[in-house]
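The structure appears right after this line, and notes come after that.
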Amino acid sequence: MVKMSPEFSVAQVPDPALRLALDAEALAQNWHTLDRLSGAASAGAAIKANAYGIGARRAVPILLNAGCRDFFVAHWGELADLTGIVDPSMVSVLHGPITDSDAEYARRLGAKPVINSLDQARRWNAAGGGRCDLMIDTGMNRLGVALHELSEPILQQLDVDVLLSHLIASEEDNVLNGVQQKRWVEALAAIPHARASLANSGGIMLGAAYHGDLTRPGIALYGGIMRSDMCDLIRQVVRPEAAVIQVHDLNAGDVVGYNATFTAPSPMRVATVGMGYADGYLRSWSGKGLFRHGNAHLPVLGRISMDMVILDVAQAPHLREGDWVAAEYALPFVARMTGLSQYEALTVLGARFTRQ
Ligand SMILES: *Cc1c(COP(=O)(O)O)cnc(C)c1O
C-alpha cells in the first residue's frame with residue numbers, strides 16, 4: 001500500500017487561481033432579448049455541452065429565473081448533470097433514445113426524448129411511450145425523420161409536444177432558409193403536435209414565419225453574435241480570468257517564452273499568468289492576445305505555454321503576484337483573432353476554470 005496523508009481526502013482545497021467569470025445579468029438579459037425578438041413564440045435554451053462551456057449548473061438557474069422553461073441537451077448524461085437544478089420534464093434530449101436504457105431512463109425521470117428516426121419512435125413506443133419531441137429533417141441530413149416518412153403510422157401514434165427542425169445556415173441570408181421553412185410547415189400539417197419550433201439563434205432574426213411557438217437559441221444567449229443585425233442586442237457573458245504568478249523586469253535583448261519569439265526592445269516589466277493552451281487559451285493567441293487589468297491593456301508576449309502566458313504590464317506597473325487579470329474574450333473578437341468559430345471559442349475553454 002502506498003502511504004497517503006490522512007488529510008488528503010478532507011483538506012480544504014485552496015481557491016484556484018483560474019476562473020471563468022460569468023455576468024449573470026448579461027445572460028438573463030440576452031435571454032429576455034431573444035425571447036422578445038421571438039415575437040409570439042417563447043425562447044427556450046440550448047444548454048448542451050455544459051451550456052457551451054459556460055457551466056450548465058450555473059446557467060440554468062439564471063435562465064429559469066429569467067423565465068425560460070424549455071432546455072435542450074445532447075446526451076442523456078447531460079440531463080443527469082442537472083440533478084436538483086431543473087425539473088426533467090423541462091429538458092429535451094436531442095440525440096434521442098439510442099438504446100432501450102435511454103428510453104427507460106427518460107420514462108423514469110419524465111424527461112423528453114427528441115425522436116429522430118422511425119427506429120427511435122418504435123423504441124420509445126415499445127418502452128411505453130409518453131410525451132416526446134419529434135425532429136424533422138428539412139435538409140440538413142444530420143438527424144431527423146425524412147419528409148417522405150411522415151405518413152408512417154408509428155409517427156401518428158407519438159404524443160408530440162415540440163415538432164422541431166434545425167436550420168443549416170440561419171446566420172446567412174441563404175435561400176436554404178426559405179426551403180427549410182416551407183418543409184417544416186408541411187411537416188406541421190402532417191403530424192399532430194402541441195408546439196412548433198424551428199429557429200436557433202440566427203433563425204430568430206429571420207422573422208415571424210420562422211418562430212412557431214418556441215425558439216431554441218444557444219450561442220446568442222452566451223454572447224455569440226452570428227449576424228450583424230444582432231451586434232447591438234447581445235452582451236458578452238463570460239470572461240476568462242487568472243492570477244499573476246510572477247513579475248519580471250527585463251533588459252533590452254532579453255527574450256520571452258518558448259522559442260524566444262519575443263525579444264525586449266528596451267527595459268520592460270512582464271507578468272506570468274496561470275492560464276495556457278491546456279485551458280483553451282490556444283497557441284493561436286501567441287503574440288496577439290490581450291489581457292486587461294482595470295483599464296490597463298496587457299498584450300500577450302511570445303508563445304502561449306501549456307499552463308501560462310506572459311504579459312507586457314507597462315500599463316499596470318504595480319501589478320503583483322496574486323493580482324487578477326482578464327483575457328479580452330468577446331466572441332466575435334476571439335473568432336476574428338484565432339480563426340475559431342464563436343461556438344468553438346466557448347466550448348474549447350478547459351476544465352481547470354472554476355465555473356462557480
Ligand atoms: C445547438 C442547437 C441549437 C442552438 O443553436 P445556436 O446556433 O447555438 O443558437 C438549436 N437547436 C438544435 C437542434 C441544436 O442542436
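The values are calculated or read from the model by the stated rules, or taken from the named source; none is laboratory data. Just so it is clear, the structure is predicted and the values come from calculations on it, not from any experiment. All Cβ positions, glycine included, derive from the backbone under ideal geometry; neighbour counts span all protein chains shown. Quick note on the areas: whole protein, heavy atoms, side chains included, nothing else; ligands and nucleic acids left out. Shrake-Rupley method; radii C 1.70, N 1.55, O 1.52, S 1.80 Å.
Considering the stretch 1-36, the residues that are assigned to a helix (DSSP H, G or I) and of a type in the set (S, T, N, Q) include one that is surrounded by the most Cβ atoms within 10 Å (Cβ to Cβ), namely N30.
The condition of being part of a loop (DSSP other than H, G, I, E, B), closer than 18 Å to D249 by Cα and touching a helix residue (DSSP H, G or I) at 6+ places or on another chain (Cβ under 9 Å) holds for only one of G350, G322, G302, that being G302. Given the criteria within 11 Å of the ligand (Cβ to nearest atom), small (G, A, S) and either open to solvent by less than 20 Å² (accessible area, probe 1.4 Å) or part of a loop (DSSP other than H, G, I, E, B) (or both), does S170 qualify? Criteria met by S170. Evaluate the following for G144: is it closer than 27 Å to W31 by Cβ and in contact with an Asp or Glu (Cβ under 8 Å, 6 or more places away or on another chain)? Against the criterion (closer than 27 Å to W31 by Cβ and in contact with an Asp or Glu (Cβ under 8 Å, 6 or more places away or on another chain)), G144 qualifies. For the stretch 76-84, does any single residue satisfy the condition of being open to solvent by less than 10 Å² (accessible area, probe 1.4 Å) and assigned to a loop (DSSP other than H, G, I, E, B)? Checked the stretch 76-84: at least one residue is open to solvent by less than 10 Å² (accessible area, probe 1.4 Å) and assigned to a loop (DSSP other than H, G, I, E, B). State whether one or more residues within the stretch 151-160 are within 13 Å of the ligand (Cβ to nearest atom) and farther than 22 Å from Y52 by Cα. Checked the stretch 151-160: no residue is within 13 Å of the ligand (Cβ to nearest atom) and farther than 22 Å from Y52 by Cα. Among the residues making up the stretch 87-106, those that are open to solvent by 20 Å² or more (accessible area, probe 1.4 Å) and in a loop (DSSP other than H, G, I, E, B) are D87, L94, H95, I98, T99. When I115 is tested against (1) touching a Cys at 6+ places or on another chain (Cβ under 6 Å); (2) under 29 Å from M230 (Cα atoms); (3) not polar (S, T, N, Q), only condition (2) is not met. Of all residues in the stretch 173-217, those that are part of a loop (DSSP other than H, G, I, E, B), surrounded by fewer than 22 Cβ atoms within 10 Å (Cβ to Cβ), in contact (Cβ under 8 Å) with a residue 40 or more places away in the chain and out of contact with any Asp or Glu (no Cβ under 8 Å at 6 or more places or on another chain) total 3. Does R303 satisfy being touching a Phe, Trp or Tyr at 6+ places or on another chain (Cβ under 6 Å) and of a type in the set (D, E, K, R)? For R303, the condition - touching a Phe, Trp or Tyr at 6+ places or on another chain (Cβ under 6 Å) and of a type in the set (D, E, K, R) - is met.
Condition test on G53, is it within 16 Å of the ligand (Cβ to nearest atom), touching a residue at least 12 places away in the same chain (Cβ under 8 Å) and on the phi > 0 side of the Ramachandran plot? Answer is yes for this residue. Evaluating M226 against the criteria (1) modelled with pLDDT of 95 or more; (2) within 11 Å of the ligand (Cβ to nearest atom); (3) part of a loop (DSSP other than H, G, I, E, B) leaves one unmet condition, (1).
Let's see how each residue does on (1) among the hydrophobic types (A, V, I, L, M, F, W, C); (2) closer than 19 Å to A43 by Cα:
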position	(1), (2)
H75	no, no
L82	yes, no
V86	yes, yes
E104	no, no
L109	yes, no
L118	yes, no
A121	yes, no
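Can G212 be described as more than 14 Å from the ligand (Cβ to nearest atom) and at positive phi? Spelling it out, it is not the case that G212 is more than 14 Å from the ligand (Cβ to nearest atom) and at positive phi.
Taking the conditions (1) free of Cβ contacts under 8 Å to residues at least 60 places away in the same chain; (2) more than 13 Å from the ligand (Cβ to nearest atom) in turn, C231 satisfies each one other than (1).
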